[in-house]
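Okay, structure first, notes after.
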Amino acid sequence: MDSFIVLSSILLILIIFFTFNNRRPRLHLPPGRFAWPVIGNLHQVEPVQHKGFGDLSMIYGPIVSVWFGSSLTVVVSSASLAKEVLKDKDHLFANRPRTVRTKASTKDGSDLIWSDYGRQYVKLKKVTVHELFSPNNILRSSSVREEEMTTMVELISRWCHHERRKFGKSLELRRYLKMASFNCMTRIVLGKRFIDDEGVANEEGLELDAIIRESAMLNSSIALMDCVPWLGGIGWMIGKKRFLRCQDRKTGFTRRMLAECEARAKEGDGASKEYFLGALVSLREAHDLSEDNILGLVWDMITASLDTAAVAVEWAMAHLMKSPSMLAEAQDELERVTGPDKAMTELDFPKLQYLRCVVKETLRLHPSTPLMLPHKAKVETKIGGYDVPKGASVAVNVWAIARDPAVWKDPHAFQPERFLSVDIDMTGRDFRFLPFGSGRRMCPGAQLGINLVMLMLGRLLHHFSWRVEEGQEIDMSEGTGLVCSMRSPLQAVPTPRRPTRLYN
Ligand code: HEM
């Protein structure tokens, strides 16, 4: 017993010593709450992290230190500091911090999202931006998006006519938005549709959905453990088997997709080049892409696009349903531009000024990834005059920046018309408003994401009247997680407002 106490005490002293030693007190770090030995500020991190960090910036200023165990995260929450990180010193913060799990799941960053900035990264980003998501390719895939939105409208219309009585008075909009974006993205990325016109997923669709769910669950349930190195080691030992099993399932799925695609290309099927994976196969030799690069890129595109657009549309609908005059204004514009007896298409976008403002205002108040993805300091450097050690994570709180009262009038109010008078860019040029990030690591799917959100929202507003079920209130609070969704799924009552043939 005595030797157990002695051993435990030595272990504790060593942990405290290494924790404090790690923090290098000689550095002039950004301010923040007192960090406890071993756990740092882990016990104080709010479930809705971007909000908790926003509250901290009210107390300590626009740059704060948060210790996740012994790992330092520097959070910046002002437009000028965002510019310093993403533009002036972009080259120093273009790497990503990888945990033991992201290393294992991406073959140590063979993909785009978790790759460090270097030759491989530049190659993958170039292929993605110039070859796969070029303006021409985005235009070419508009028919896929429009077809899937037609299916979504048909399903909602069917719900109005047949299922309302069976399932209750209001519909859970999220289900339809997710289904539509899932089909859009699997068709754009894999050239395949997994959910049919009745809303029923086939075997492959169910498999993909199960893998996505399990990966997300495994990553979130043990992510905090990664912050404390020795705890992360224990967590990894406990969860490793299950994690690797899920990993094998994921690799098996993407390999099958790749093999099918290669077979189609061999048969001379020219259409195979029209979706992401097919195009990657055709570019493989020219760009020296390994199988790990291809599988990693495919997985990145599916995971990065799955919820980001759907959550934005759900928020937009919630705000419009709370404000009937704004809802009417958006619908009147669609009536003028698209007209009463045809379905809205992406060709209508340039004339839908108000709808675009609604999308911007939604992404201002609810950027889909409010802390973007984490960046990492490549060397010891400075932000805002404070020291940032090599290897520290850097998070840009785009949620807090877009609600900064020093920059935005009535920052918490939903006012689409604020974007009518001033044309504020949303694709990384204006540091007050960065829903897609900025600089080298900026989202390569930004234009595709904007098109998806505009089209989904436009079709919902054009085809249906929307209201909240009597006696119910919309809960506008935010859920937890990397992607900022509504905490309670939006329940809405749609009523068709177009000729029947537009729903068939
Ligand atoms: C409304 C929709 C979307 C929003 C708000 C959004 C937002 C973002 C943000 C904030 C980042 C992180 C930037 C950074 O860390 O500096 C990001 C990265 C990324 N996004 Fe998106 N995104 C959306 C849709 C999409 C779509 C449709 C795709 C692809 C099909 C996509 C693919 C990616 C990828 C691959 C990255 C990692 C880029 C890198 O590390 O270089 N996103 N996105």
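The values are calculated or read from the model by the stated rules, or taken from the named source; none is laboratory data. Being a predicted model, the structure only gives us computed values, none of them experimental. Cβ coordinates were reconstructed from backbone atoms using ideal geometry, including for glycine residues, and neighbour counts include every protein chain displayed.
Here are LYS382, LYS351, LYS360: which of them is away from the ligand (no atom under 11 Å from the Cβ), free of Cβ contacts under 8 Å to residues at least 12 places away in the same chain and closer than 24 Å to LEU434 by Cα? So that I can check it myself, show each step before the final result.
On the way: LYS351 fails: free of Cβ contacts under 8 Å to residues at least 12 places away in the same chain; LYS360 fails: free of Cβ contacts under 8 Å to residues at least 12 places away in the same chain.
So the residue among LYS382, LYS351, LYS360 that is away from the ligand (no atom under 11 Å from the Cβ), free of Cβ contacts under 8 Å to residues at least 12 places away in the same chain and closer than 24 Å to LEU434 by Cα is LYS382.
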Residue list for region 432-458, restricted to those being in a helix (DSSP H, G or I), among the small types (Gly, Ala, Ser) and within 9 Å of the ligand (Cβ to nearest atom): GLY439, ALA446, GLY449
Of the criteria (1) of a type in the set (Gly, Ala, Ser); (2) within 16 Å of the ligand (Cβ to nearest atom); (3) out of contact with any Lys or Arg (no Cβ under 7 Å at 6 or more places or on another chain), which one SER323 fails: (2)
Top-ranked residue of region 298-313 - restricted to ones that are within 18 Å of CYS261 (Cα to Cα) and crowded, with 22+ Cβ neighbours inside 10 Å, ranked as farthest from the ligand (Cβ to nearest atom): TRP299
Test: residue in region 328-345 that is within 16 Å of the ligand (Cβ to nearest atom) and of a type in the set (A, V, I, L, M, F, W, C): no
Candidate set from region 178-198 (those that are within 16 Å of THR150 (Cα to Cα) and of a type in the set (S, T, N, Q)); member that is farthest from the ligand (Cβ to nearest atom): ASN183
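Could we say that GLU314 is on the phi < 0 side of the Ramachandran plot and outside any helix (DSSP H, G or I) here?
Details: on the phi < 0 side of the Ramachandran plot: yes; outside any helix (DSSP H, G or I): no.
No, not satisfied.
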Given (1) polar (S, T, N, Q); (2) within 11 Å of the ligand (Cβ to nearest atom); (3) part of a helix (DSSP H, G or I), index of the condition ASN137 fails: (2)
Of all residues in region 140-153 being within 16 Å of the ligand (Cβ to nearest atom) and of a type in the set (A, V, I, L, M, F, W, C), the one that is nearest to ARG175 (Cα to Cα): MET149
Single residue of region 153-193 satisfying the filter (more than 16 Å from TRP299 (Cα to Cα) and among the hydroxyl-bearing types (Ser, Thr, Tyr)) that is modelled with the highest pLDDT: TYR176
Options ARG459, ARG429: the member that is modelled with pLDDT of 95 or more, of a type outside the set (Asp, Glu), more than 23 Å from SER181 (Cα to Cα) and over 15 Å from the mean Cα position of the chain (by Cα): ARG429
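Looking for whichever is modelled with pLDDT of 90 or more and either of a type in the set (Ser, Thr, Tyr) or assigned to a helix (DSSP H, G or I) (or both) here; the options are GLY205, GLY199, GLY232, GLY239. Which one fits? Give the steps one after another, and end with the answer.
On the way: GLY199 fails: either of a type in the set (Ser, Thr, Tyr) or assigned to a helix (DSSP H, G or I) (or both); GLY232 fails: modelled with pLDDT of 90 or more; GLY239 fails: modelled with pLDDT of 90 or more.
Every option except GLY205 fails the conditions.
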Qualifying residue in region 70-79 (condition: modelled with pLDDT under 95, buried (at least 21 other Cβ atoms within 10 Å of the Cβ) and polar (S, T, N, Q)): yes
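Confirm whether GLN447 is of a type in the set (S, T, N, Q) and touching a strand residue (DSSP E or B) at 6+ places or on another chain (Cβ under 7 Å).
Details: of a type in the set (S, T, N, Q): yes; touching a strand residue (DSSP E or B) at 6+ places or on another chain (Cβ under 7 Å): no.
The answer is no for GLN447.
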Test: LEU277 is more than 25 Å from THR427 (Cα to Cα), in contact (Cβ under 8 Å) with a residue 24 or more places away in the chain and within 16 Å of the ligand (Cβ to nearest atom): yes
Count of region 26-49 residues which are in contact with a helix residue (DSSP H, G or I) (Cβ under 8 Å, 6 or more places away or on another chain) and under 18 Å from ILE383 (Cβ atoms): 3
